[in-house]
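Heads up, the thing below is written out as structure tokens.
The values are calculated or read from the model by the stated rules, or taken from the named source; none is laboratory data. In this text the structure is predicted, and so the values were computed from the model without any measurement. For neighbour counting, all protein chains shown are included, and Cβ atoms are generated from backbone atoms with ideal geometry for every residue, glycine included. Areas reflect the complete protein model, heavy atoms only, side chains present, ligands, DNA and RNA absent. Shrake-Rupley method; radii C 1.70, N 1.55, O 1.52, S 1.80 Å.
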Amino acid sequence: MPARLTLPGFVNTHSHAFQRALRGKTEGGDFWSWRESMLDLAGGLTPGHVRESYVETYREMRAAGYTAVGEFHYVGLAEAHAAVEAAHEAGIELVLLLSAYGRGGIDRFRQASVAEYLEQVEELAGAGARVGLAPHSVRACPREWLEEIGAYAAREDLVLHVHADEQPREIEECLAEHGLRPIELLAETGCLGPRTTIVHGTHADPRELDLLAESGARVCLCPATEANLGDGFPPLEGLLGRDIPLCVGSDSNVRIDPLEELREIEGTARRQQLRRNVIAVEALLEIGSGGGAAALGLDEWQDVEADLGHPSLRGVDPGDVPAALVHGCAADVFV
Ligand SMILES: [Zn+2]
């Protein structure tokens, strides 16, 4: 029996499983033209297609060491039930982060009111799904929706995930509409708190980072996707300097590899700060596991085992294995 190392399983805090089908599609000059192809793909989804294709993507996640996933779902209620079934079949713990979408995007996936959205959340929870709230973004949710959802999250003690500050244009539009930056608007509408996870936060300014730190909110970084879409670099110095808790997500699923996401965070921090060991290896592994579990409200999730006989780990001193995982291995090291 080859030696193995048991670790807490990785937690994929932010996934849109259907976007796995877009890997290799290189057309589109920027995020906004990529978004057009993504919406075309989303528009053609059916519950049956979600049920079949998500099983495959969730199996890939499970094989890559992710034992839990937060599916940030904005493609229909019947499809949400199908995603829950697919995760069950693939053997991965799933938190269905049902998206509130009030304007823009695709007609048939929008809710007519915030009341309809909250009814959908309750229906999913009533059917046994583990749920969280996910106002899609300040683009997709009017101010009253954010206020209502923030209050509901606090009352029902549910996690709340929201995209914010991924692209400069979203910030310009929010300033034009509200006179506030996205994270400032989320603070004003009661959407920031210890149950909140901001997805990306790429272009958050120091004032927005202060608001995150004061409220106890987390930030989910998705480095492989943020690189692929040309989003920018996360403000790591500002995040780390304020001790804002981090977690990771595979987001568009262009790559499914938690070690790569963590390596990219540390590599970016090293390039920015011109030094090594910015985030300790233990802290990085915690970002990839416990940080995500806290963001999803999970107390328990499965462990994962690394194969110490894998060529990437052969000859590595036992005490160096955690660092060798982060800096020198891909996800195929997990069994
Ligand atoms: Zn996303």
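Can you give me the distance in nm between label points at R108 and A21, each placed 7 Å from the Cα along the Cα-to-Cβ direction? Computed distance between label sites R108 and A21 equals 1.3 nm.
Between the C-alpha center of the stretch 1-70 and that of the stretch 93-163 there is a gap of 21 Å.
For the stretch 194-298, calculate the relative contact order in percent as a whole number, restricting contacts to Cα pairs under 8 Å that are 6 or more residues apart. Contact order relative to length: 27 percent. Principal-axis analysis of the Cα atoms of the chain puts helix 258-273 at an angle of about 90° to the longest axis. Whole-percent P(r), the stretch 70-187, all Cα pairs, 5 Å bins from 0: 2, 12, 23, 23, 19, 12, 7, 3, 1, 0. For the stretch 258-332, the ratio of Cα radius of gyration to the globular rule of thumb 2.2 N^0.38 Å stands at 1.18. The relative contact order of the chain, computed from alpha carbon pairs under 8 Å that lie at least 6 residues apart in sequence, is 23 percent.
A quarter of the convex hull surface defined by the alpha-carbon atoms of the stretch 125-252 gives 7.8 nm² as the mean projection. Normalised by 2.2 N^0.38 Å, where N counts its residues, the alpha-carbon radius of gyration of the stretch 189-335 equals 1.07.
Between C174, C247, C220, the residue with the greatest mean-square fluctuation in the GNM of the chain (Cα pairs under 10 Å linked by springs) is C174. Max-minus-min Cα coordinates of the stretch 48-114 on each principal axis give 38, 20, 15 Å, with the largest extent listed first. Using alpha carbons only, the radius of gyration of the stretch 1-96 set against its Kirkwood radius gives Rg/Rh = 1.04. Identify, among F10, V159, G76, the residue whose Cα sits farthest towards the positive end of the charge dipole of the chain, taking +1 on the Cβ of Lys and Arg and -1 on the Cβ of Asp and Glu, with the dipole about the Cα centre. Final value for the positive-end residue is F10. The mean of 1/r over all distinct Cα pairs in the chain, once inverted, gives the Kirkwood hydrodynamic radius of 20.0 Å.
From its DSSP helices (H runs of at least four residues, each -39,500 (n - 2.57)), the chain gives a residue-normalised ellipticity at 222 nm of -13500 deg cm²/dmol.
Peptides 73-79, 22-28 ranked from most to least packed, by the mean per-residue count of other Cβ atoms within 10 Å: 73-79, 22-28. Surface composition of the chain: carbon plus sulfur atoms hold 48% of the accessible area, using a 1.4 angstrom probe and ignoring ligands, DNA and RNA.
Could you work out the relative contact order of the stretch 17-141, using alpha carbon pairs under 8 angstrom and six or more residues apart, expressed as a whole percent? The normalised contact order for the stretch 17-141 reaches 23 percent.
A 1.4 Å probe run over the protein chains yields, for the chain, 40 Å² of accessible area per residue, whole-number rounding. Label-to-label distance for A213 and L308 is 4.1 nm, based on points extended 7 Å past Cα in the beta-carbon direction.
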